[in-house]
Amino acid sequence: MPLGEEISIRPARPTDVESVVALWDEAAEPTVADDRTSIKHLFQRDAGALLIAERAGVIIGTLVAAWDGWRGNMYRLAVLQVHRRSGVALALVRAGEERLISLGAQRITALVVSTHDDATEFWLTAGYEHDQRMARYVKTIDRGRT
């Protein structure tokens, strides 16, 4: 896609769920929460957290910019391969930062797969530091979601 083609960022709507799931299937490493039920729960809990990037009316990227009342957290940054390296990810991150700062965030963290060199380099370039002090511990709850 040409760099000059305009990117728009907006909060996702319930009508976007199928397109978001399809984008995640194509553009991101699958996770246990990449399903319609999880997205619907996110809408109920924090309707503005899921941001989408569009070009020419087509969803080409996502970012969850979640606020827990204390810190901002960003995850599920995903951009379709054909649209990568054209400013989409950075536009999503900057929109996520604006959202979280407006809600009161003083610190924003990004959840990044450490073995994805392109992703880790992106976050460093976007101004985020790799916090070597922290480790992530996960417990997956199987609820048979769809």
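So the values come out like this:
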read-out	value
Tail fraction, Cα-Cα pairs, the stretch 8-125, threshold 20 Å, whole percent	37
Expected 222 nm ellipticity per residue - DSSP helices of 4 or more, -39500 (n - 2.57), all of the chain, to 500	-9500 deg cm²/dmol
Cβ-placed point charges (K, R +1; D, E -1), dipole of the stretch 1-127 about Cα centre in debye, nearest 20	400
Label-point separation, SER8 to ALA135 (7 Å along Cα→Cβ), nm	4.6
For HIS83, HIS116, order by how many other beta-carbon atoms lie within 10 Å, fewest first	HIS116, HIS83
For a label point 7 Å along the Cα-to-beta-carbon line of THR125, residues of the stretch 73-95 with backbone N under 13 Å	84-91
The stretch 115-135 versus the stretch 1-65: alpha-carbon centroid distance in Å	22
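None of the figures in this text is laboratory data; all of them are computed from the coordinates on show. All figures in this text were calculated on a predicted structure; none of them were measured in a lab. FYI the Cβ positions are ideal-geometry reconstructions off the backbone, even for glycines, and counts take in every protein chain you see.
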